[in-house]
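After the structure tokens below, expect a handful of questions from me.
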Amino acid sequence: MKDEAGGEDRKEVRIFVFETNQQPSFQNIEEQTIDEFELLEIQLVVTDADIPANSFAFGLADHPAGATIDGDGLFQWTPDDGDGGGIFMFDIIVQE
């Protein structure tokens with residue numbers, strides 16, 4: 001800003017803009033029914049409203065023996081003879 005005599009003053013201003021992190025969200029996963037020794041595959045779909053979108057890491061908690069999930073969100077499990085007649089509930093975890 002200049003005054004009438006031509007003098008000038010400047011002030012540097014710093015503005016920090018923080019990313020607002022929104023949690024990722026799973027697309028609905030329907031209840032599954034499967035026979036023993038049959039491979040169950042579920043491709044998980046996760047959305048993230050962050051810009052730019054973050055990458056994801058997947059994990060399982062309290063899952064049945066032999067169940068896996070890969071880095072792309074593909075869940076796989078083949079129940080064996082001892083799993084017949086059971087109902088299995090577990091957590092699938094996604095982290096940014």
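Out of the residues in the stretch 78-96 that are part of a loop (DSSP other than H, G, I, E, B) and without any contact (Cβ under 8 Å) to a residue 40 or more places away in the chain, state the one that is farthest from SER25 (Cα to Cα).
Result: GLY85.
Of all residues in the stretch 36-67, which are loosely packed, with under 14 Cβ neighbours inside 10 Å and free of Cβ contacts under 8 Å to residues at least 24 places away in the same chain?
Passing the criteria: THR47, ILE51, PRO52, ALA53, ALA65, GLY66.
Within the stretch 68-77, does at least one residue satisfy the condition of being touching a residue at least 24 places away in the same chain (Cβ under 8 Å), part of a loop (DSSP other than H, G, I, E, B), surrounded by 10 or more Cβ atoms within 10 Å (Cβ to Cβ) and aliphatic (A, V, I, L, M)?
Within the stretch 68-77 (the criterion being touching a residue at least 24 places away in the same chain (Cβ under 8 Å), part of a loop (DSSP other than H, G, I, E, B), surrounded by 10 or more Cβ atoms within 10 Å (Cβ to Cβ) and aliphatic (A, V, I, L, M)), the answer is no, since none of the residues qualifies.
Kindly indicate whether THR20 is surrounded by fewer than 10 Cβ atoms within 10 Å (Cβ to Cβ), over 30 Å from ASP81 (Cβ atoms) and of a type in the set (Ser, Thr, Tyr).
So THR20 passes the test.
Write out, first by first residue and then by second, each pair whose Cβ atoms fall under 6 Å of each other, whose residues are 6+ apart or on separate chains, and whose first residue, in the stretch 7-31, is without any contact (Cβ under 8 Å) to a residue 24 or more places away in the chain while the second is part of a loop (DSSP other than H, G, I, E, B).
From residues that are without any contact (Cβ under 8 Å) to a residue 24 or more places away in the chain, the pairs are GLN27/VAL45.
Regarding ILE93, is this residue within 30 Å of GLU19 (Cβ to Cβ) and of a type in the set (Val, Ile, Thr)?
In short, yes.
Read-outs throughout are calculated quantities, based only on the coordinates presented, and are distinct from any laboratory measurement. Just so it is clear, the structure is predicted and the values come from calculations on it, not from any experiment. For neighbour counting, all protein chains shown are included, and Cβ atoms are generated from backbone atoms with ideal geometry for every residue, glycine included.
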